[in-house]
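The values are calculated or read from the model by the stated rules, or taken from the named source; none is laboratory data. Treat the numbers as computed from the prediction; the structure is a model and nothing was measured. Ideal geometry is used to build each Cβ from the backbone, glycine not excepted, and the neighbour counts take in all protein chains shown.
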Amino acid sequence: MSSEIIQNDLYARITELLQAARQNVVRAVNQTMVYTYFEIGRMIIEEEQQGKERAAYGKQILKEISIKLTKGFGKGFSIDNLENMRRFFLAYSISETTSRKSDLISIIQKSYVDLKQVKKYDKETHTFTLSWSHYIKLMRIQNVAERSFYEIECAANNWSLNELQRQFNSGLYERLALSRDKDGIKKLAEKGQIIEKPMDILKDPYILEFLNLPEHHQYSESDLETAIIDKLEHFLLELGKGFTFVGRQVRMTIDEKHFRVDLVFFNRLLKCFVVIDLKIGELTHQDIGQMQMYVNYHDRIVKLPDENKTIGIILCKDKSQTLVEITLPKNNDQIFASRYQTILPDKQTFMRLLDDNEIGN
């Protein structure tokens with residue numbers, strides 16, 4: 001082996017190690033900063049609780065503290081950001097003992113690369129694993145269960161701030177909650193979206209605003225498919241956890257006749273193929289029968305023995321739920337029909353539907 005190859009290999013391994021170290025340092029610094037801001041928020045709240053007189057001067061105190069902190073530590077300590085720290089503590093506050101407060105302060109004072117004590121503290125309190133920018137967005141969500149859900153999903157899926165904003169605007173929590181009972185909604189808040197059975201991956205509607213197809217614009221199913229492929233990364237995020245892309249217009253041959261399914265994916269969590277057919281109009285029973293053929297084909301010819309049954313999803317502009325239920329067998333757990341829309345939803349409408357659903361339960 002030449003010296004150049006050895007040098008390149010050594011360089012590559014050292015580079016990988018340094019990049020990993022930098023990422024760990026950045027994560028640790030961000031985490032320590034968030035814990036610090038939480039503690040600053042507590043200090044501000046405790047100062048306000050000393051009495052009405054001090055509370056009355058709260059704004060002036062924050063202004064003066066802001067000036068001094070900015071001089072001493074640079075940007076990041078404006079009055080608005082100090083107010084954010086105050087709100088952060090109120091949103092995530094817990095009943096802390098004096099010892100826990102001491103634990104938190106000692107964690108902050110220690111080297112930021114020592115995460116063992118941070119994890120020890122996390123088990124007793126709230127775990128802060130996201131960036132400060134994420135928490136500024138999250139603490140504005142008034143529904144505690146909804147806030148908890150988005151926080152869990154952010155951490156699990158490594159959502160950027162933009163992706164968090166997009167998922168919130170698309171009403172992801174409400175769309176998932178609408179298909180669940182009270183226990184299921186509680187699990188969303190405690191564990192996020194858990195994928196264990198086909199129903200767990202479904203949404204109704206799917207929000208495809210990223211395709212930039214106006215709601216009343218005339219387009220064909222081919223146009224819709226092409227737009228999805230062009231924005232495949234966004235579409236995979238909308239589909240949810242565990243999806244990998246297999247192909248478009250995947251051909252199936254039966255008795256020398258060729259059929260093509262619009263989109264094929266594989267879900268790693270459910271260990272099964274997911275075939276998707278696109279319909280720009282109202283769903284018909286013929287569409288459901290066609291999807292049944294696609295699913296049977298994949299189950300009998302394509303899937304491996306250790307893989308689970310294929311799931312078929314028909315994405316349509318409109319559907320009759322009664323038609324779907326009558327056409328499919330009662331114990332159906334493979335074929336589903338969901339609506340899609342190409343504009344962001346009215347989040348308030350989803351919230352009202354969820355309230356009505358909870359009352360009905």
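Observations on the model:
- Index of the failed condition, ARG268 passing every other in (1) surrounded by 13 or more Cβ atoms within 10 Å (Cβ to Cβ); (2) within 30 Å of ILE152 (Cβ to Cβ): (1)
- Matching residues in region 153-168 - criterion: being surrounded by fewer than 17 Cβ atoms within 10 Å (Cβ to Cβ) and not polar (S, T, N, Q): ALA155, ALA156, LEU161, GLU163
- Scan of region 169-184 for residues that are surrounded by fewer than 19 Cβ atoms within 10 Å (Cβ to Cβ) and within 14 Å of the chain's Cα centre (by Cα), ordered by number: ASN169
- Restricted to region 325-349, and to residues there that are in contact with a Cys (Cβ under 9 Å, 6 or more places away or on another chain) and of a type in the set (Ser, Thr, Tyr), the residue that is surrounded by the fewest Cβ atoms within 10 Å (Cβ to Cβ) is SER338.
- Positions within region 40-54 being under 17 Å from SER93 (Cβ atoms), at pLDDT below 85, of a type outside the set (Val, Ile, Thr) and part of a helix (DSSP H, G or I), in sequence order: GLU46, GLU47, GLU48
A quick yes/no check of all residues on (1) of a type outside the set (Ser, Thr, Tyr); (2) touching a Leu at 6+ places or on another chain (Cβ under 7 Å); (3) loosely packed, with under 14 Cβ neighbours inside 10 Å; (4) without any contact (Cβ under 8 Å) to a residue 12 or more places away in the chain:
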| position | (1), (2), (3), (4) |
| --- | --- |
| LYS186 | yes, no, yes, no |
| GLY192 | yes, no, no, no |
| MET199 | yes, no, yes, no |
| LEU211 | yes, no, no, no |
| GLN218 | yes, no, yes, yes |
| LYS231 | yes, yes, no, no |
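- Checklist (1) more than 21 Å from ASP181 (Cβ to Cβ); (2) modelled with pLDDT under 95; (3) not small (Gly, Ala, Ser) applied to MET351, failing item: (1)
- Pairs where the first residue, in region 141-152, is surrounded by 17 or more Cβ atoms within 10 Å (Cβ to Cβ) and the second is among the basic types (Lys, Arg) and in a helix (DSSP H, G or I), C-beta under 6 Å, 6+ apart: ILE141/ARG147
- The listed residue being under 15 Å from LEU176 (Cβ atoms) and modelled with pLDDT of 75 or more, out of PRO345, PRO329: PRO345
- Residue selected from region 297-324 under the condition touching a Leu at 6+ places or on another chain (Cβ under 8 Å) and surrounded by fewer than 17 Cβ atoms within 10 Å (Cβ to Cβ), by the criterion nearest to MET199 (Cα to Cα): ASN308
- Residue in region 326-345 that is over 27 Å from the mean Cα position of the chain (by Cα), basic (Lys, Arg) and over 17 Å from VAL246 (Cα atoms) present: yes
- In this structure, ALA189 qualifies as modelled with pLDDT under 90 and part of a helix (DSSP H, G or I).
- Set TYR219, TYR173: member being of a type in the set (Phe, Trp, Tyr) and in a loop (DSSP other than H, G, I, E, B): TYR219
- Test: ASP287 is farther than 25 Å from GLY171 by Cβ, in the same structural domain as GLY240 (by TED's automatic domain parsing) and at pLDDT below 95: yes
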